[in-house]
Every structure is written in C-alpha cells, then in structure tokens.
C-alpha cells in the first residue's frame, strides 16, 4: 500500500481524488485476498504505479473530470510518466486493427470506437468513444466487462465513462487500462477482446450514481477485437532459471516503462537459508544506478510453492538496461543479537543477475 500511496501522490491530483483512489485500491486488495481464500484465480494489478494510474483514471473520469480537457490520453499519461515515453508509443489504430462482431440486439453500429492507444509491453491504455446516436438518446449507456481476453489470457480491465463535470451527464468518452504483463505476447501480435453491452435506463445515472427507481435493460451486446504489434523493445523474461549461492531461483520478470514486476521461487540446498530473512533487494542496473526496494509479499504459485514478489516503479533505474543485479538484504543484527528494523545487511546467498540481449 505504501508504494501505491506514493504513486498516487506523485500524480499531482486533488486530495479528494487521492483519498478515493486509496479506498478503491484497499477494496481491490480485499477482493484479491478473498478470491485466494476461495481458490478463485484472479489477477489484479501488481505494480503500484500501474494500479494508481488505472484507479485514478476511474476516479477522475467518474468524478466528472474530462480527460480530453487535459490533452486526451497523452495529457493523462504525462501526469505520471516521462513525456518522451508517452509520445514515443502513443498511436492511433487503423481501421483494420479494430473489428466489431454483433452478438445480439438492434444494430447501433460499433458501441466503441478506439481513438488512440499506448502500450509498452506490460500495460495498455486506450481511449474510446460511444456512438453519437447512443449519447444523444439520453437514456442509453455503454458498459464493458471488467475483464479482457488478451491472447487467450484473462486480464483485468479498468474503464469508466466520462461524465460532464457540472451536470453529471453521460458523454460517452472512456479511458481504459489493461494489465498485459501476464499475457503471452511471444508471437509479436497482441489481440485484446472486450465484451460490451448497451443498456437502456429508466432513469439515467448521474456520474454513474444509481437512482432509487433503478431499472436497466440490456438491448445489445458486442464483442470488440483490438489488434496491434508488440513493441520491439518489450522487456519480458518468463520462468527463467538462475543459479544462486546454495541453489537456483526460478524467475519471472516484466520490465517496461510502466512497471517492474518480478516473482522469485528459490530452490535451495541449504535449509539454514530462510527466504523470510530477505526483506529488501538492492537492484543495480548496467549503468551503476541502484535502488533499494522492499519485498512486496509472498504468495503460493500454481505449483503450491512459496513465491516472493517484488513490484516497483523504475525511479532511478534504466528500463532499457542490459542487466539488473539483485542483492538480497536482511535486517541488521546488532552485537546483542537484536534485530534492527532500520538497518540492513547484505545476505551471502540468494543474489542473481538478469541479463537482456
């Protein structure tokens, strides 16, 4: 939560937006915990920066802040990402990159038109607009599923409609964020499938606040397929094996301008090396830049093994570095054998180096 709080503050949004984003993130964490207890596999955003951007997008738009007023998608992304990263990847889809298949109901045309998108290999942002016919109706609303299919992988999708600030009227403009770091994009092609519904409301929501006499009818459903190429500088290694002192480590890592996400499973020969002693890592890139980061938490992977997880932004580190060296740190033990939670010492085991070609 600490990393998320810092990411939200760095986005320079109003205090009330920060507070709502914090509450939304806490709810997502609770849903994630409950889903694990019920043996339901759901993937939520792991990177604090990505989660902050996604949730603040929902808060801003749901609260009536028009994204177009701040320069569209580029204006939004520039609030928490270097301008060169935004402009270098922002793109407008061509017609053959978007296909709409009608599932049922009256034909209203494509329920979403993708206006522009941004993708760095780990996170997809895009803006969409509903048809003017829907917007003018006054009682129609386009909604999307909160999940998207990305190359056959179920990924979480955050979206919210843009509501006019003063009146709360639906304007049919959307900003969306999808976490693709868990999807297999090795083919170089990325296909995102989103399910949309067109709803008819008896009383139209204001800023999506549902009125007392709420009645809604689904009158059309569509499936949107959005295709694009994976960037050539995408940095992702999946389930690679690295030698460490006293054993090996299975590593899954995603490095992109929007996220630095790594999962580690240690297989150690020496039982005296306890992975719980690792509380931080010192990460150094090939240029000598270093950052000390906390281990975000442990969880069980698909094989029932304890997996360490690190998720951070790339402050001070080069996202295009040729390598990253991970040095485990434990709490300092003083001369009396007491643990000092304010100081850290390098451990003699568990370190590894990830190299990119």
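A short reminder: the numbers here are calculations on the coordinates, not readings from a lab. Values in this document were obtained by computation on a predicted structure and should not be read as measured data. Neighbour counts run over all protein chains shown; Cβ positions are idealised from the backbone, glycine included.
Of note:
- Peptide packing: for 277-283, 97-103, the average count of neighbouring Cβ atoms within 10 Å per residue gives the ranking 277-283, 97-103, highest mean first.
- Annotation: extensible slack from residue 221 through residue 272 equals 12.6 nm (criterion: 0.36 nm per residue apart, minus Cα-Cα distance).
- Convex hull volume of the Cα atoms of the stretch 196-271, normalised per residue: 223 Å³.
- log₁₀ of I(q)/I(0) at q = 0.09, 0.14, 0.22 Å⁻¹ - the stretch 235-355, Debye sum with one point per alpha carbon: -0.24, -0.59, -1.40
- Our estimate of slack between residue 341 and residue 353, defined as 0.36 nm per intervening residue step minus the Cα-Cα distance, is 1.7 nm.
- Stretch gain in nm, segment residue 289-residue 83, where the contour uses 0.36 nm per residue and the Cα spacing is subtracted: 72.0 nm
- Cubic angstrom per residue, convex hull over Cα atoms of the stretch 157-292: 229 Å³
- Shape of the stretch 108-205, Cα gyration tensor, a/c cut at 1.5: prolate
- Put the Cα centre of the stretch 167-237 next to the Cα centre of the stretch 120-134 and the gap is 7 Å.
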